[in-house]
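Single-structure report; data block below.
The values are calculated or read from the model by the stated rules, or taken from the named source; none is laboratory data. Please read these numbers as outputs of a predicted model, since none were measured by experiment. Don't worry about glycine lacking a Cβ; one is built from the backbone with ideal geometry, like all the others, and counts go over all protein chains shown. We work out accessible area using only protein heavy atoms, side chains counted, and drop any ligands, DNA or RNA first. Shrake-Rupley method; radii C 1.70, N 1.55, O 1.52, S 1.80 Å.
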Amino acid sequence: MPSDEPGALFTDVGLLSPVTVSHDALVADDSVAAALVTAEVALVRAWAGVGVAPDAVATAASEEFGWSGAGLLVDADWLDTTRLASAAVAGGNPVIPLIARLDDRASIQVRPWLHRGATSQDILDSALMLVSRRAGLHLLGVLRQVEAQLSGFAVVHRDTVAAARTLTQQAVPTTVGARAAGWLRGVTRARVRLGEAVGQLPAQLGGAGGTLASFVEIGGTDAASALPSAYAAELALATPDAPWHVSRWPVTELGDALVQAIDALGKLATDVATGSRTEIGEFAEGVGGGSSAMPQKRNPTGAVLVRSAALRAPQLGATLHLAAALAADERPDGAWHAEWPTLRELLRLALGAAQTAHTLVAGLQVDEGAVARALATTDGLLVSERLSIVLAPVIGSDEVRRIVGAATSGGDLRALVREALEAALDRVPGAPHPADDVDALLDPAAYTGLAGTLVDRAVADAPADAARESLEAPTEESA
């Protein structure tokens, strides 16, 4: 049973964050703990890689801690994450008690090389970059699938004419495909930026004050200079140009890319939620959510959950920048600590929002009847802009405004246009004859501009086939 006693287990299983439920295993505490062990074992292997530690030590460390290969999380089921978290309070980070747990497990030959020359921040930063890279690669795979789905959706509805809305009001004609192409471009741009950020995630190795003095003392200048690159290679992370203990661009740039990705998905979700309103009814999710009190409702639950992530993400991104700006001296006090749960929560939200959006788009339905009804709501006034462009040179801007005003008040727009053109016949040489097709002039489908071309361009820039992407085992090439 839950307890309020000190030290009682507290677990966030997503009860109040349904958008992340079942999508956050890659950033869970057990995954972070395994990454910490991976970072420690990688350092032992890196020491051997630069010729300072014996190769036998690297082999033994790999076997004793279940090394799984470059950048892959080791099996750390033997590590009591709950106990580790409790022990982390005294020193302010989990690396300090982790070292004691590693020493207990390691052989005599491996023990002296564990954490050799490193500081806690080296290990924790590297572990978080490892977790971020793995989660980021998975996220990129999901976003590619969302892009492929949106591409197909945009093509199917390329020429489905709909009412565009600006400032909540019907404005001019557009197409459902053009709206979807806007979603697609947003997701594509966010995915590209995220791929760049994930591909640049560096290892961290600077020693206590960021000078690598401890590594020089242990292995000499040449070995210390080569060690960060060897360490990064073991973790499949980028080689850092220099220690970044207080230069937090890897965290802020990743955070910004995650926020942008969630923003793009949030835009999609917002439009779906709006279009799903009962009085609009243009969109419907494949499986609608129910209500505890109103059985007639079919709530756009997927869109609601994605929007919940988009509402939370910007503040988390801002926190990362605030922490980076307050990273004082050569090692931060508190600012660094504030990054850990913030970055993890951003990753968690991005993973959940992307997977939820994937499900949403897969089942997204368009009620073309509702689209047509909305299009006809203003009985031609949707093309008022076109009337101004075409008719103003013939009958004058004042007359066009009079016609639109009269139609807005309930007049017959077609009759008003014909009457104005008839009156203009004698005054304006070459004026269109009323017998000309006024219906064509008022046809919304004839005033969608380059909507179709914009769809074609967006689809051409998106992945043609995401089916080959593996969501279970994302690869380094995924970035």
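Is it the case, given these coordinates, that LEU79 is open to solvent by 40 Å² or more (accessible area, probe 1.4 Å), among the hydrophobic types (A, V, I, L, M, F, W, C) and at pLDDT below 95?
On the way: open to solvent by 40 Å² or more (accessible area, probe 1.4 Å): no; among the hydrophobic types (A, V, I, L, M, F, W, C): yes; at pLDDT below 95: yes.
It is false that LEU79 is open to solvent by 40 Å² or more (accessible area, probe 1.4 Å), among the hydrophobic types (A, V, I, L, M, F, W, C) and at pLDDT below 95.
Restricting to segment 39-63, give me the number of residues that are touching a residue at least 12 places away in the same chain (Cβ under 8 Å), surrounded by fewer than 24 Cβ atoms within 10 Å (Cβ to Cβ) and among the β-branched types (Val, Ile, Thr).
Within segment 39-63, residues that are touching a residue at least 12 places away in the same chain (Cβ under 8 Å), surrounded by fewer than 24 Cβ atoms within 10 Å (Cβ to Cβ) and among the β-branched types (Val, Ile, Thr) number 3.
Would it be correct to say that ASP103 is under 21 Å from LEU26 (Cβ atoms), of a type in the set (D, E, K, R), more than 28 Å from the chain's Cα centre (by Cα) and surrounded by fewer than 21 Cβ atoms within 10 Å (Cβ to Cβ)?
Numbers: under 21 Å from LEU26 (Cβ atoms): no; of a type in the set (D, E, K, R): yes; more than 28 Å from the chain's Cα centre (by Cα): yes; surrounded by fewer than 21 Cβ atoms within 10 Å (Cβ to Cβ): yes.
The answer is no for ASP103.
Pull up segment 16-38, narrow it to residues that are hydroxyl-bearing (Ser, Thr, Tyr) and surrounded by fewer than 22 Cβ atoms within 10 Å (Cβ to Cβ), then point me to the one that is farthest from the chain's Cα centre (by Cα). Break it down stepwise before answering.
Going through segment 16-38, the residues hydroxyl-bearing (Ser, Thr, Tyr) turn out to be 17, 20, 22, 31, 38.
When the remaining residues are screened for being surrounded by fewer than 22 Cβ atoms within 10 Å (Cβ to Cβ), the result is 17, 22, 31.
Values: SER17: 16, SER22: 17, SER31: 20 Å.
The selected residue is SER31.
If ASP412 passes every condition in (1) modelled with pLDDT under 85; (2) closer than 26 Å to VAL161 by Cβ but one, which one does it miss?
With respect to (1) modelled with pLDDT under 85; (2) closer than 26 Å to VAL161 by Cβ, ASP412 is out only on (1).
Here are some residues: ALA163, ALA197. Which one is within 22 Å of ALA353 (Cα to Cα), of a type in the set (Gly, Ala, Ser) and touching a residue at least 24 places away in the same chain (Cβ under 8 Å)?
Values: ALA163 fails: within 22 Å of ALA353 (Cα to Cα).
Going through ALA163, ALA197 in turn, the sole match is ALA197.
Kindly evaluate SER151 against the criterion of being touching a strand residue (DSSP E or B) at 6+ places or on another chain (Cβ under 9 Å), assigned to a helix (DSSP H, G or I) and of a type in the set (S, T, N, Q). First the steps, then the outcome.
Numbers: touching a strand residue (DSSP E or B) at 6+ places or on another chain (Cβ under 9 Å): no; assigned to a helix (DSSP H, G or I): yes; of a type in the set (S, T, N, Q): yes.
Criteria not met by SER151.
Has segment 168-180 got at least one residue that is free of Cβ contacts under 8 Å to residues at least 40 places away in the same chain, open to solvent by 10 Å² or more (accessible area, probe 1.4 Å) and not in a helix (DSSP H, G or I)? Let's see the steps before the verdict.
First pass over segment 168-180, keeping only residues free of Cβ contacts under 8 Å to residues at least 40 places away in the same chain: 168-169.
Checking which are open to solvent by 10 Å² or more (accessible area, probe 1.4 Å) leaves us with 168-169.
Narrowing the set further to residues that are not in a helix (DSSP H, G or I) leaves 168-169.
For segment 168-180, residues free of Cβ contacts under 8 Å to residues at least 40 places away in the same chain, open to solvent by 10 Å² or more (accessible area, probe 1.4 Å) and not in a helix (DSSP H, G or I): present.
Does ALA372 fit the bill of being hydrophobic (A, V, I, L, M, F, W, C), touching a strand residue (DSSP E or B) at 6+ places or on another chain (Cβ under 6 Å) and at pLDDT 95 or above?
Details: hydrophobic (A, V, I, L, M, F, W, C): yes; touching a strand residue (DSSP E or B) at 6+ places or on another chain (Cβ under 6 Å): no; at pLDDT 95 or above: yes.
No, not satisfied.
Specify the residue that is surrounded by the fewest Cβ atoms within 10 Å (Cβ to Cβ); the eligible residues are those in segment 241-286 that are touching a strand residue (DSSP E or B) at 6+ places or on another chain (Cβ under 9 Å) and in a helix (DSSP H, G or I).
Residue satisfying both the conditions and the ranking: THR274.
Checking ASP379 against (1) outside any loop (DSSP other than H, G, I, E, B); (2) in contact with a helix residue (DSSP H, G or I) (Cβ under 7 Å, 6 or more places away or on another chain); (3) open to solvent by 20 Å² or more (accessible area, probe 1.4 Å): exactly one of these is not met. Which one?
Among (1) outside any loop (DSSP other than H, G, I, E, B); (2) in contact with a helix residue (DSSP H, G or I) (Cβ under 7 Å, 6 or more places away or on another chain); (3) open to solvent by 20 Å² or more (accessible area, probe 1.4 Å), ASP379 violates only (1).
Please find, among GLY91, GLY66, GLY51, the residue that is over 36 Å from the mean Cα position of the chain (by Cα) and modelled with pLDDT of 90 or more.
Only one candidate passes the filter, namely GLY51.
Of the residues that make up segment 397-405, is at least one in contact with a strand residue (DSSP E or B) (Cβ under 6 Å, 6 or more places away or on another chain), modelled with pLDDT of 90 or more and closer than 28 Å to ASP159 by Cα?
We begin by selecting, within segment 397-405, every residue in contact with a strand residue (DSSP E or B) (Cβ under 6 Å, 6 or more places away or on another chain); these are none.
No, the conditions are met nowhere in segment 397-405.
Would you point out the residue of segment 311-352, among those that are of a type in the set (Lys, Arg) and either under 17 Å from TRP249 (Cα atoms) or open to solvent by 60 Å² or more (accessible area, probe 1.4 Å) (or both), that is modelled with the lowest pLDDT? Break it down into steps so the answer makes sense when it comes.
The initial filter retains those residues of segment 311-352 that are of a type in the set (Lys, Arg), namely 312, 331, 344, 348.
Still in the running and either under 17 Å from TRP249 (Cα atoms) or open to solvent by 60 Å² or more (accessible area, probe 1.4 Å) (or both): 312, 331, 344.
On the way: ARG312: 97, ARG331: 89, ARG344: 97.
By that ranking, first place goes to ARG331.
Within segment 244-289, track down each residue that is among the aliphatic types (A, V, I, L, M) and more than 18 Å from the chain's Cα centre (by Cα).
Let us first name the residues in segment 244-289 that are among the aliphatic types (A, V, I, L, M), namely 246, 251, 254, 257-259, 261-262, 264-265, 268-269, 272-273, 280, 284, 287.
Result: VAL246, ALA273, ILE280, ALA284, VAL287.
Within segment 223-240, is even one residue open to solvent by 30 Å² or more (accessible area, probe 1.4 Å), at pLDDT 95 or above and assigned to a loop (DSSP other than H, G, I, E, B)?
Taking every residue of segment 223-240 in turn, at least one turns out to be open to solvent by 30 Å² or more (accessible area, probe 1.4 Å), at pLDDT 95 or above and assigned to a loop (DSSP other than H, G, I, E, B).
Please find, among ALA466, ALA435, ALA473, the residue that is in a loop (DSSP other than H, G, I, E, B), at pLDDT below 70 and buried (at least 18 other Cβ atoms within 10 Å of the Cβ).
Numbers: ALA435 fails: buried (at least 18 other Cβ atoms within 10 Å of the Cβ); ALA473 fails: buried (at least 18 other Cβ atoms within 10 Å of the Cβ).
Criteria check complete, one pass: ALA466.
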